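For reference, the structure discussed in these notes is given below.
The values are calculated or read from the model by the stated rules, or taken from the named source; none is laboratory data. Since we're looking at a predicted model, the values are computed, not measured. Note that we place each Cβ from the backbone using ideal geometry, even for glycine, and neighbour counts take in every protein chain shown.
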Amino acid sequence: MSNCKAMNDMKLFYSDLKKFFPLLLNLSAKDIKIKYRRSVLGILWSIFNPLLTMLVLTQVFSMLLKVQVENFATYYILGSSLWNFFSEATTLSMMSIISSSALIKKVYVPKYIFPLEKCLFALINFAFSMVAVVVVMLFQGTKLTATLLLFPIPVLYCFVFCIGFSLILSALTVYFRDIMHLYGILLTIWIYLTPIIYPEELIKHNSVIYSIVKCNPMYYFVKYFRDVMMYNALPTFSENLICIFISLFTLLLGAIIFNKAEKKFILHI
Amino acid sequence: MDKNNNAVELRNVEMHFNMNKEKLYSLKEYFIKFMKRELRFERFIALQDISFDIKKGDVFGILGLNGSGKSTTLKLISGILSPTKGQIKTYGTIAPLIELGAGFDMDLTARENIYLNGSVLGYSKRYMDERFDDIVEFSEMQDFLDTPMKNYSSGMVARVGFAIATMTTPDILIVDEILSVGDFHFQQKCEERINKMIDGGTTVIIVSHSIDQIERLCKNCVWLENGKIKMIGDAKEVCDAYKKS
């Protein structure tokens, strides 16, 4: 009996996804249009923004920290672009259900479309910021190697992780609006627990902090991303396994929580 | 394939809403109340033991005062809400007209919104391309296609919404008080289109406060009072009884 119900759920999920896939694309396209409408440089801002931030931060941190990282600009922009992808996707997703309340109250739309759409939107922005990454790499003369071609793998891992995390976040935010305010602080802590503006060596001597960092999913994605992009290193089998496990586990958890919560969304938005 | 000729079946449907005394949106409040065991919910029964069938091709009206459960019934039928108890079955595609233009983004132009709204209803881009001209013609918005919709009047928004929602011939059309928007000319146009659908065999479910409209359009009708069925049957009889009360 319960097996039959699960089958039906799966069937419904599949037919919904097929039917509403155009909506997913349209909503993402809408977000992009609105984001850049009436700005003179338009979509070029997606490229300039990370470049300018990189310029400011590399200047500040190479003065302040006296960090010795080879090709620091490349090192930084690789980490920060992946981080920005994650932070944008989850922050936007968090609000996505609440801000689509007008729609949810009036038409039947599968609700996971909304966080999913925000993740897709963030992924598209990330793709544009990759142009900035390439510019910095060429400018700094980072050696371009064959492992570069593997870059979609860490992005995919991170994307799946983003979807899972967004599902959890968006569902919980409907019930507890405090999360909106808390999440900004969490992100600030989180970014400092990810080696983005500082090299990993800096924290290796502090075993407590280092072990916390090792529990941070973003650490693995960022490391993977840098390994293939600038270090010409092939991530090991176990590194892949860790990434796959983190992302799929988060996705599964997200799907379960979201599925449980979504039936009552309408009463709370 | 269709064993019966019902479009919608409701069986012992009940809908409860938990209305907390105050809305607790913060985690802290929630925990404090939870610890103090002060988490009180007031159960509000919006619908109770509702069972009726709507035949295919019927024009079915739902009457009742404010708060009698009309909109809840419509939302249940269109699948936006799921019932606390009981079963609801619908056969065929449903086009909900519940508040026109629900999916519009006011920063976008009408052209963009038509495609967006089409996909909200689950139609592909190619499908929308074919019907785009029809929609524009019906809504009479040729001159304002590339104006952001925030500059539209509410009547104009409703026109575009109606044109999109009725561009196809759905099996079931749900109409919630929408015939009251727009000017006289457009209202007539809407009724004409609905009549054409009825002739084409579409099942139409109408909620309205205007008894005249229900009497004019509907064949059958249900009268809800405080979430229960007060009377069901021929539209004329129900309307007469409703007027007397």
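Key figures
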item	result
From the options A:L186, A:L253, A:L234, A:L267, residue that is of a type outside the set (K, R), surrounded by fewer than 16 Cβ atoms within 10 Å (Cβ to Cβ) and in contact with a strand residue (DSSP E or B) (Cβ under 9 Å, 6 or more places away or on another chain)	A:L267
Candidate set from region A:12-60 (those that are in a helix (DSSP H, G or I) and small (G, A, S)); member that is farthest from the other protein chains (Cβ to nearest Cβ)	A:S46
Qualifying residue in region A:197-211 (condition: among the hydrophobic types (A, V, I, L, M, F, W, C) and more than 30 Å from A:M137 (Cβ to Cβ))	yes
Within region A:153-263, helices (runs of 4 or more DSSP H) holding 1 or more residues that are of a type in the set (S, T, Y) and under 24 Å from A:T58 (Cα atoms)	A:178-192, A:207-214, A:217-230
Output for region A:96-107, where each listed residue is surrounded by fewer than 18 Cβ atoms within 10 Å (Cβ to Cβ) and either of a type outside the set (A, V, I, L, M, F, W, C) or closer than 14 Å to A:A171 by Cβ (or both)	A:I98, A:S99, A:S101, A:K105
Close pairs (8 angstrom Cβ cut-off, 6 or more residues apart or separate chains): surrounded by fewer than 18 Cβ atoms within 10 Å (Cβ to Cβ) in region B:57-83, part of a strand (DSSP E or B) anywhere	B:G57/B:A7; B:G57/B:T203; B:L65/B:E225; B:G79/B:T90; B:G79/B:I94
2 or more residues within 11 Å of chain A (Cβ to nearest Cβ) and in contact (Cβ under 8 Å) with a residue 40 or more places away in the chain: qualifying helices (runs of 4 or more DSSP H) within region B:104-182	B:110-120, B:154-165
Residue in region A:118-141 that is at pLDDT below 90, within 30 Å of B:L74 (Cα to Cα) and assigned to a helix (DSSP H, G or I) present	no
Selected residue (only one of A:S166, A:S207, A:S247 is within 17 Å of A:I98 (Cα to Cα) and either out of contact with any helix residue (DSSP H, G or I) (no Cβ under 9 Å at 6 or more places or on another chain) or more than 14 Å from every other protein chain (Cβ to nearest Cβ) (or both))	A:S166
Residues satisfying the stated conditions in region B:214-233, i.e. within 23 Å of B:L76 (Cα to Cα) and either outside any strand (DSSP E or B) or acidic (D, E) (or both)	B:I214, B:L217, B:C218, B:K219, B:E225, B:N226, B:G227
Which listed residue is under 16 Å from the mean Cα position of the chain (by Cα) and more than 14 Å from every other protein chain (Cβ to nearest Cβ), from B:G79, B:G86, B:G64, B:G57	B:G64
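Residues are listed down the side, and each one gets a yes or a no for (1) away from chain B (no Cβ under 14 Å); (2) under 16 Å from the mean Cα position of the chain (by Cα):
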{"site": "A:K111", "(1), (2)": "no, no"}
{"site": "A:V136", "(1), (2)": "yes, no"}
{"site": "A:Y175", "(1), (2)": "no, no"}
{"site": "A:D178", "(1), (2)": "no, no"}
{"site": "A:L182", "(1), (2)": "no, no"}
{"site": "A:M218", "(1), (2)": "yes, yes"}
